[in-house]
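First up is the structure itself, then whatever we jot down about it.
The values are calculated or read from the model by the stated rules, or taken from the named source; none is laboratory data. Given the structure is predicted, the values throughout are model-derived calculations rather than measurements. Ideal geometry is used to build each Cβ from the backbone, glycine not excepted, and the neighbour counts take in all protein chains shown.
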Amino acid sequence: MKIVSLLPSATEIVYALGLDADLVGVTFECDEPASARQDKAVVVGGRDTSDMTPGEIDAYVREQAAAGADLYHLHEDALSGLDPDLILTQDLCWVCALPSGKVTEALDFLGCTAEVLALDPYSLEDVLQTIAAVAGRAGVAGRGAAVVGELRARLARVAAGVAGRSRPRVAVVEWVDPPFTAGHWIPDLVEAAGGEPVGGTPGERSVPTTWAAIAQASPDVVVVSPCGFHLDGAAQQAQVVLAQLPDVPVWAIDGDGLIVRPGPRLVAGVEALAAILHPDAVPPAPQAVRRILRG
């Protein structure tokens, strides 16, 4: 089976299932593992926003939305040349990846008969089920069950470590200009880590808010995990949060690596959050987490 992944989290799932030899196409954003793009065709492109500020990125996204323009473009010739059997895509967020409708239109135009599987999780449990779904469609259901079983075992170990402890109120900030509090599966991660999520709604989209509203939620801890950024970018944006909420402990975390992408590493995100909230009850926080202090 030849598999094409049109979103980074799906690429991570494919690798976790040991199907990397079957993966023939990825996106320009697939960076985990580091070798994911080395021997694969890049079939989805988009604008490089690495030199833009959060405010500039937000303005660009809004301009594209107002114009009805796409943030991502499919390299149809590259896709056609691969002749894939299974394409992994999503409809969850048009800002994050190419929607499945665009893929289906391209396949119809190209006369390609690949199966399109849209992965649209809204909760942590949904994410685990998407891993099983990919495994099933790829013909390795047993392997999927083993991967999911190990992830559940790790979650159970965290749950045992934080059981019966007080739950700090945690606001997860997904963007800083304007501020967004995190929704979807991220409140589930906080709960699994022994915290009480505030400011975001489980299973709902992330929404813009105000610093006053975040402060009014009375968080004990603020975690900054901006979508599209790793730890250094998160740490830079966390300085903005620290200035706005000077009386609350602020932590930066590798958003793309541990929090934002709905793949297997979300469990590592739970472990990292638990280490922030309950450092005396679980193993130490990984290097992908950083306490933000005043300069």
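Brief remarks on what is shown
- Scanning region 259-271 for residues that are small (Gly, Ala, Ser), surrounded by fewer than 21 Cβ atoms within 10 Å (Cβ to Cβ) and assigned by TED's automatic domain parsing to the domain that holds residue 172 turns up at least one hit.
- A Cβ distance below 9 Å, combined with a sequence gap of six or more or placement on separate chains, defines the contacts here; from region 124-153, residues that are within 17 Å of residue 11 (Cβ to Cβ) reach residues that are small (Gly, Ala, Ser) and not in a helix (DSSP H, G or I) in the pairs 127/263; 130/263; 131/263; 140/18; 143/18; 144/138; 147/18.
- Test: residue 119 is of a type outside the set (Asp, Glu), surrounded by 20 or more Cβ atoms within 10 Å (Cβ to Cβ) and either touching a strand residue (DSSP E or B) at 6+ places or on another chain (Cβ under 8 Å) or at pLDDT below 75 (or both): yes
- Where strands (runs of 3 or more DSSP E) fall wholly inside region 160-238, the ranges with 1 or more residues that are under 18 Å from residue 127 (Cβ atoms) and at pLDDT 95 or above are 169-176.
- Criterion applied to 145, 59 was being of a type in the set (Gly, Ala, Ser), at pLDDT below 80 and surrounded by fewer than 18 Cβ atoms within 10 Å (Cβ to Cβ), and the one residue passing it is 59.
- Applying the condition of being modelled with pLDDT of 90 or more and among the charged types (D, E, K, R) to region 1-30 and asking which residue is farthest from residue 80 (Cα to Cα) yields 12.
- Among the candidates 128, 155, residue that is part of a helix (DSSP H, G or I), outside the structural domain of residue 83 (by TED's automatic domain parsing) and under 16 Å from residue 189 (Cβ atoms): 155
- Count of residues meeting criterion [assigned to a helix (DSSP H, G or I) and on the phi > 0 side of the Ramachandran plot] in region 131-152: 0
- Those residues of region 10-22 which are crowded, with 23+ Cβ neighbours inside 10 Å and in contact with a strand residue (DSSP E or B) (Cβ under 8 Å, 6 or more places away or on another chain), in sequence order: 10, 11, 13, 14
- The number of residues in region 23-52 being in contact with a strand residue (DSSP E or B) (Cβ under 8 Å, 6 or more places away or on another chain) and either outside the structural domain of residue 116 (by TED's automatic domain parsing) or surrounded by fewer than 18 Cβ atoms within 10 Å (Cβ to Cβ) (or both) comes to 6.
- Residues in region 199-230 that are crowded, with 21+ Cβ neighbours inside 10 Å and not hydroxyl-bearing (Ser, Thr, Tyr): 199, 200, 214, 219, 222, 223, 224, 226, 229.
- Test result for residue 275, farther than 14 Å from residue 171 by Cα, touching a Pro at 6+ places or on another chain (Cβ under 7 Å) and of a type in the set (A, V, I, L, M, F, W, C): yes
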